[in-house]
Amino acid sequence: MKQLLCGLLTAGLLFSSVAAAQTSQDQLQLKQGYPNEYVVIKGDTLWDISGHFLNRPWRWPEIWGVNPQIDNPHLIYPGDVIYLTWVDGQPRLGLRPGDGRLSPQVRDMPLEQAIPGISLRDINSFISDNLVVQDDLLESAPYVVGGDNRRLVTGAGDRAYARGELVRDDPNQAVYRPAREYVDPVTGEFLGYELFKVADATISAVQEDIISLELRSSNEEVRATYRVLPTEETRIQSMFYPQPAPDGQEGRIIGLLKGVSSAGQYDAVVLNVGQREQIEPGHVFSIYRTGEVIRDPVARDTVQLPSEHAGILMVFKSFDKVSYGLIMRATNVISVGDEIRNPS
């Protein structure tokens, strides 16, 4: 009887351990045919590396986060070996430096060569050049009235004049060109004006409501009616910690930052949700391509086809009612009007 109880207990513990490991594996969805190890190459990102092991690479903090060997993912470099191991029935990634030695060592390598969280090549300009503001801020901001020598168009090295009251008393300002306005396609609510930064400027003088601006650099000509706002303080993060978007949160893609008709991997898109909906950088959404409306040849009416999964995006910047997201994976053409939902 005692042996039977011990056998049942052992079998039960073994089953529980296997079940726990299987549950963890199901939750993290290890990729079919995942490798036992992977050698990091130049151009990799944490998202890319995790994608070799996980079906859902945006869940990489769960497989890297509690690993003391990878306490700071910025310290992963090309040539390092990432290997899969199991801790308490859960998959974890370990790190072996590229020279193969396991003893403690100091690595003298520039930090800029470390592996980043995601590819930043397509979004740096959107972070520095684009801004979404409400109409009250746009209306109250000073506007350019002209340049020196009565010029209506000015550029880097020139002086421009603006009229109005500064939003913030800061010597560093930026000149923005109103680009477009965003309206919620479902509710019709006005969401904000998108502004494109055309120049950096320094205030040289203020006399009553006339502001003298020295243009330090410019992407294009500065013209009358362009708005003057303080230089934006936020900058792109080099490391994101992905997490699912708030439970039940849905939305739409309302714009493509490149101004094209469709988007793919590593393109930036505009979403009709923002800080008001607790959307923050790092939030991940699934993208669903809106089903077409077709005519039923038998019933002679129209029918809405179901939406189909088209990819994954991650928010990299959020404003009051609007966010910018980067398409991390695309399995179909992505267009304005497509739906976003909690990642599946």
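Some notes on this structure:
- Evaluation of residue 59 against the conditions (1) open to solvent by 50 Å² or more (accessible area, probe 1.4 Å); (2) at pLDDT 80 or above shows that the sole unmet condition is (1).
- Considering segment 257-287, the residues that are among the polar types (S, T, N, Q) and open to solvent by less than 30 Å² (accessible area, probe 1.4 Å) include one that is nearest to residue 133 (Cα to Cα), namely 272.
Residue-by-condition table, conditions (1) touching a Leu at 6+ places or on another chain (Cβ under 8 Å); (2) among the hydroxyl-bearing types (Ser, Thr, Tyr); (3) touching a residue at least 60 places away in the same chain (Cβ under 8 Å):
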position	(1), (2), (3)
253	yes, no, yes
264	no, no, yes
267	yes, no, yes
279	yes, no, no
306	no, no, no
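- For segment 241-256, filtering for residues that are surrounded by fewer than 21 Cβ atoms within 10 Å (Cβ to Cβ) and part of a loop (DSSP other than H, G, I, E, B) leaves 6.
- Considered as a group, the residues in segment 304-320 that are open to solvent by 40 Å² or more (accessible area, probe 1.4 Å) and touching a Gly at 6+ places or on another chain (Cβ under 9 Å) include one that is farthest from residue 242 (Cα to Cα), and that residue is 304.
- Condition check for residue 294: surrounded by fewer than 16 Cβ atoms within 10 Å (Cβ to Cβ) and either farther than 25 Å from residue 64 by Cα or in contact with a helix residue (DSSP H, G or I) (Cβ under 7 Å, 6 or more places away or on another chain) (or both): yes
- Screening residue 285 with (1) farther than 17 Å from residue 184 by Cα; (2) in a loop (DSSP other than H, G, I, E, B) gives one miss only, at (2).
- Look at (1) at pLDDT 90 or above; (2) under 19 Å from the mean Cα position of the chain (by Cα); (3) over 28 Å from residue 181 (Cβ atoms) and you find that residue 308 fails only one, number (2).
- Selection within segment 157-193 - within 19 Å of residue 130 (Cα to Cα), more than 25 Å from the chain's Cα centre (by Cα) and open to solvent by 60 Å² or more (accessible area, probe 1.4 Å): 167, 168, 172
- Residue 147 vs. criteria modelled with pLDDT of 65 or more, over 24 Å from residue 324 (Cβ atoms) and surrounded by 15 or more Cβ atoms within 10 Å (Cβ to Cβ): yes
The values are calculated or read from the model by the stated rules, or taken from the named source; none is laboratory data. The structure displayed is predicted, hence computed values, not measured ones. Backbone-built Cβ (ideal geometry, glycine too); neighbour counts: all protein chains shown. These accessible areas exclude ligands, DNA and RNA; they are computed on the full protein's heavy atoms, side chains included. Shrake-Rupley method; radii C 1.70, N 1.55, O 1.52, S 1.80 Å.
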